[in-house]
Amino acid sequence: MGLFNFFNRNKSIQLNGNDPQLIDIPKDLFIEESGPNEQKQAVHSNGEIKGIDLIYAFLQDNYESRGYDDALINPDDSYKTENIKLIKLDLHILVQKVTTYYEDSIRVTDFHIHSRSRAGLIDLVEELKTRKEMIIEHMSKVSGIKKEMESESGMTQRILLSYQRGFMRGLSAITQSKILGNNL
């Protein structure tokens, strides 16, 4: 915002109460609102999150509150086990989806590399090769996540621990409210 725009905004600044010394200054004039954990993600032209960022978003989701809510719905251990299986299967589907996305991206990039090299566009070909290297790096990260998923270790273990913690908190809340909340 320019200096002159600040002075032109004095029309929107209101006096507070009867005291002319207290001026109500709009918060958005000086403070930019953004969350502390806001991350830059690869976003497709249609606004969808794509690639490995989609997996990271899935891994960072709030499974503790989901487990808590599930415990309040049905506090049975078999229900918890089934929901954990469903979460694992959702992650497996997501990993396959992202792998397919990257494989398709490599095919398209290879086509462009070959056709643009025949046309003599050397700089563009080098840029495409760099993009292909990035795709391959992301694919190796996805492979690592897939291995962690199969062994239930690493980042994927976060989902299970978070869900189980939430489920246990839900069971505890039920006991606290139904049994310990009653005065005998």
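Throughout, read-outs are computed from the coordinates displayed, never taken from laboratory work. Source: prediction; values computed, not measured. Because the Cβ atoms are built from the backbone with ideal geometry, glycine has one as well, and the counts that use them run over all protein chains shown.
Give the residue list of chymotrypsin sites (Phe, Trp or Tyr not before Pro) in the stretch 90-184 that are DSSP loop and have at most 12 other beta-carbon atoms within 10 angstrom. Kindly include the intermediate steps, with their values, before the conclusion.
Values: sites: Tyr101, Tyr102, Phe111, Tyr163, Phe167; in loops: none.
Answer by residue number: there is no such site.
Stretching Leu86 away from Gln176 to a fully extended chain increases their span by 29.6 nm, per 0.36 nm per residue minus the current alpha-carbon distance.
Between Arg165 and Thr99, what is the FRET efficiency for a Förster distance of 22 Å, r being their Cβ-Cβ separation, to the nearest 0.05? Once the sixth-power term is evaluated, E becomes 0.15.
The gain in end-to-end length when the Asp110 to Ser65 segment is fully stretched comes to 11.9 nm, 0.36 nm per residue minus the alpha carbon separation. Taking a threshold of 19 Å on the Cα-Cα distance, which of the pairs Lys88/Lys132; Lys50/Lys80; Lys88/Lys147; Lys50/Lys97 fall above it? Pairs exceeding 19 Å: Lys88/Lys132; Lys50/Lys80. Counting neighbouring Cβ atoms within 10 Å and putting the fewest first, the residues Thr109, Thr99 line up as Thr99, Thr109. By other beta-carbon atoms within 10 Å, ranking Arg107, Arg116, Arg165 with the fewest at the front produces Arg107, Arg165, Arg116. A simple spin-label model places pseudo-atoms 7 Å from Cα toward Cβ; at Ser140 and Met155 they are separated by 1.5 nm.
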